[in-house]
Each structure stands twice: as structure tokens, then as C-alpha cells.
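A.B. asks: I have a structure here, written as C-alpha cells, and I will follow up with some questions on it.
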Amino acid sequence: MNTMIELIQSHRSIRKFTNEKVSNEQINMIVEAGRWAPSSHHVQAYSIVVINEKEKKRNLASLAGNQSYVESCPVFFVICADFYRLHEVSTLLNKPFEVGEIEQVLVGAVDAALVAQNMLLAARANGMGGVMIGGIRNEPEKVANLLNLPKYTFPVMGLCIGYPDQDPAQKPRLPLKAVVHDEQYNTVQLNQVLREYDDVMSDYYRKRTKGKRIETWTSQMANHFTTPKRPQVGEFLKNQGFLKKE
Ligand SMILES: Cc1cc2nc3c(=O)[nH]c(=O)nc-3n(C[C@H](O)[C@H](O)[C@H](O)COP(=O)(O)O)c2cc1C
């Protein structure tokens, strides 16, 4: 198989790292790969904050809900949506600056996500591994203060990178027929597909936890959506200049 396809299809998140450092050359290679992601309207509405300082990683680990690997990973990146420099451009050219619509939040989040995935793939292509961290949106205000993020920016996700010290099994994905539709959306076979996938996922959890966790994907998801997630993000985005205030 083509090596790029092999790399993509062998993805697993890595949360345990060896002591091997990630060199500055490797960090540059990773951010350079991020820089080449496509970008909506070529706005390039993202920034990458590179975190090597132990103390800062410790603080971020705590803000992300005590995720220890944010501290223990050799290098941590915070990938932000960034319209700050675009605001500066508009000011310089004496033009109105409009980012009050949800559309711009989507543009920034998508740009940042594409950058992050490029970075993870580049790291993996060079023997490293990592995991994305949405937990940095738990306390967006505090993360923004810690990283000195200006107005018109927001952290989208973190990315732990290092050399893998674990070899986890791949987490099975929804089957093709659940996620790919031929010419038009098909709701008909969903129940059957979900039953099949529940069997696959509960088997995966049973094996991974030596029988301690036997959970289906449908119960996991149904529980996940019983409560609102990170309601504080909306207010934070408004304070940062996004989403028009009522
Ligand atoms: C945007 C994003 C945010 C994520 N945030 C976290 C996180 O905060 N903590 C964590 O341990 N994993 C996080 N993950 C990893 C997912 O849990 C993981 O990708 C998913 O369970 C599938 O497992 P796999 O990546 O090993 O295939 C995140 C993944 C994405 C794409």
C-alpha cells in the first residue's frame, strides 16, 4: 500500500512517551508541515504556540482537566484560531473588520484543525506519535491568559507530541456503510449498523481493559450527550470579539 495511506490508516493516539527529546529541528519540521495546510480564502486564521517549558505544560495539564500527558509529553503545541493579525491588517488599511458571525468561528476552527492534523501526520511520519487535546477549551480564559493570547484568537486544541512508549491497539471506527452515502443520505440501515458496531466496540474495550470495561459505543455516546459541553466557550468567544453580542 502507498506509504501515505498506510500512515493515515495506522493512526492511534499516543499518550505515553519515552524520555527522548523532540529536537528543535523536529519541532520546525512539524510546524512547517502545519503551515502547508489548505486555508479557507487563504486567510490562514491560525497560530501555533510551542510549549517546551515544564511549568507551563504542568499548568496546561491542570487546566485541561488534569491530563498528565500534557505535562509529560516532550513538546506540547496549542493550535489557535487567529484573526488578530487580520484585524491588524484591516486597521492598517482602514477597513471595517467583521468577524461577528459564527461563520468566522468555523473558518478559524477548521483552519486550526487542518494544521493540527498535518502536524500530527508529520510527527508520525518521523517516528513520533501524539494526541490532540480538546481539554484546553475547559478553561479557555485561563489558557488565553497563560499564553498571552490577544483578542480575535481562541485556542482550538492542544497537541502532545513525543516518541511513543506504548503500542495501543487501533480503536475501531464506525463501519463504512454508517458514514458513507451513495448519492444521497441513507437513514434506513442505521439500527443494524449500530448493533454491529456496538459488538465490535465492546469487544475492543473488553480486550483493552482485560474484561473490566464492557461498554457499547451507543451507550457511551448517549451518555455523552446528556449534558451540555463547555458552555463557557460561547462567552469566552464573545469576549474575544467573536459571535455578535445580543
Ligand atoms: C479535536 C480533538 C480533541 C481531543 N481531545 C482529547 C483530550 O482532551 N484528551 C484525550 O485523551 N484525547 C483527546 N482526543 C483523542 C480522541 O479521544 C481520540 O482521537 C479518539 O478516542 C479515537 O482514538 P484514536 O485517536 O486512538 O484512534 C481528541 C481528539 C480530537 C480530534
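A.B. asks: May I ask you to say which residue of SER90, SER62 is assigned by TED's automatic domain parsing to the domain that holds LYS151, within 16 Å of the ligand (Cβ to nearest atom) and at pLDDT 95 or above?
C.D. replies: It is SER62.
A.B. asks: Does ARG85 count as free of Cβ contacts under 8 Å to residues at least 60 places away in the same chain and either at negative phi or more than 13 Å from the ligand (Cβ to nearest atom) (or both)?
C.D. replies: yes
A.B. asks: Would you be able to say whether some residue in segment 52-59 is in contact (Cβ under 8 Å) with a residue 40 or more places away in the chain and open to solvent by less than 40 Å² (accessible area, probe 1.4 Å)?
C.D. replies: no
A.B. asks: Okay, next question. Of everything in segment 133-145, what is in a helix (DSSP H, G or I) and either open to solvent by 30 Å² or more (accessible area, probe 1.4 Å) or over 20 Å from GLN166 (Cβ atoms) (or both)? Give them in sequence order.
C.D. replies: GLY134, ILE136, ARG137, PRO140, GLU141, LYS142, VAL143, ALA144, ASN145
A.B. asks: With the requirement that a residue be surrounded by 12 or more Cβ atoms within 10 Å (Cβ to Cβ), more than 21 Å from the chain's Cα centre (by Cα), of a type in the set (S, T, N, Q) and assigned to a helix (DSSP H, G or I), what does segment 207-241 give you?
C.D. replies: THR218, SER219, ASN239, listed by residue number.
One line per residue, one yes/no per condition, for (1) surrounded by fewer than 15 Cβ atoms within 10 Å (Cβ to Cβ); (2) out of contact with any Phe, Trp or Tyr (no Cβ under 8 Å at 6 or more places or on another chain); (3) on the phi > 0 side of the Ramachandran plot; (4) not in a helix (DSSP H, G or I):
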{"residue": "GLY108", "(1), (2), (3), (4)": "no, no, no, no"}
{"residue": "VAL115", "(1), (2), (3), (4)": "no, no, no, no"}
{"residue": "LEU120", "(1), (2), (3), (4)": "no, yes, no, no"}
{"residue": "VAL131", "(1), (2), (3), (4)": "no, no, no, yes"}
{"residue": "GLN184", "(1), (2), (3), (4)": "yes, yes, no, yes"}
{"residue": "VAL193", "(1), (2), (3), (4)": "no, yes, no, no"}
{"residue": "TYR205", "(1), (2), (3), (4)": "no, yes, no, no"}
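A.B. asks: Out of all the residues in segment 150-159, is one or more on the phi > 0 side of the Ramachandran plot and aromatic (Phe, Trp, Tyr)? Step through it out loud before you land on a result.
C.D. replies: At the first step, the residues of segment 150-159 found to be on the phi > 0 side of the Ramachandran plot are 152.
Still in the running and aromatic (Phe, Trp, Tyr): 152.
Within segment 150-159, one or more residues are on the phi > 0 side of the Ramachandran plot and aromatic (Phe, Trp, Tyr).
A.B. asks: Give me a count of the residues in segment 93-106 that are closer than 14 Å to VAL43 by Cβ and either within 16 Å of the ligand (Cβ to nearest atom) or open to solvent by less than 80 Å² (accessible area, probe 1.4 Å) (or both).
C.D. replies: 5
A.B. asks: Just checking, how many residues over segment 151-172 are surrounded by 17 or more Cβ atoms within 10 Å (Cβ to Cβ) and either outside any strand (DSSP E or B) or at pLDDT below 95 (or both)? Steps first, answer last, please.
C.D. replies: Here is the first cut: in segment 151-172, the residues surrounded by 17 or more Cβ atoms within 10 Å (Cβ to Cβ) are 152-164.
So of that shortlist, the ones also either outside any strand (DSSP E or B) or at pLDDT below 95 (or both) come out as 152, 163.
Number satisfying all stated conditions: 2.
A.B. asks: Can we say VAL31 is β-branched (Val, Ile, Thr), surrounded by fewer than 19 Cβ atoms within 10 Å (Cβ to Cβ) and closer than 18 Å to THR153 by Cα?
C.D. replies: Numbers: β-branched (Val, Ile, Thr): yes; surrounded by fewer than 19 Cβ atoms within 10 Å (Cβ to Cβ): yes; closer than 18 Å to THR153 by Cα: no.
Here the answer is no, as VAL31 does not meet what is asked.
The values are calculated or read from the model by the stated rules, or taken from the named source; none is laboratory data. Keep in mind that what you see is a predicted model, and the values were worked out from it rather than measured. Here the Cβ is made from the backbone with ideal geometry for all residues, glycine too, and neighbour counts use every protein chain on show. When the accessible area is computed, the model is the full protein with side chains, heavy atoms only, and any ligands, DNA or RNA have been set aside. Shrake-Rupley method; radii C 1.70, N 1.55, O 1.52, S 1.80 Å.
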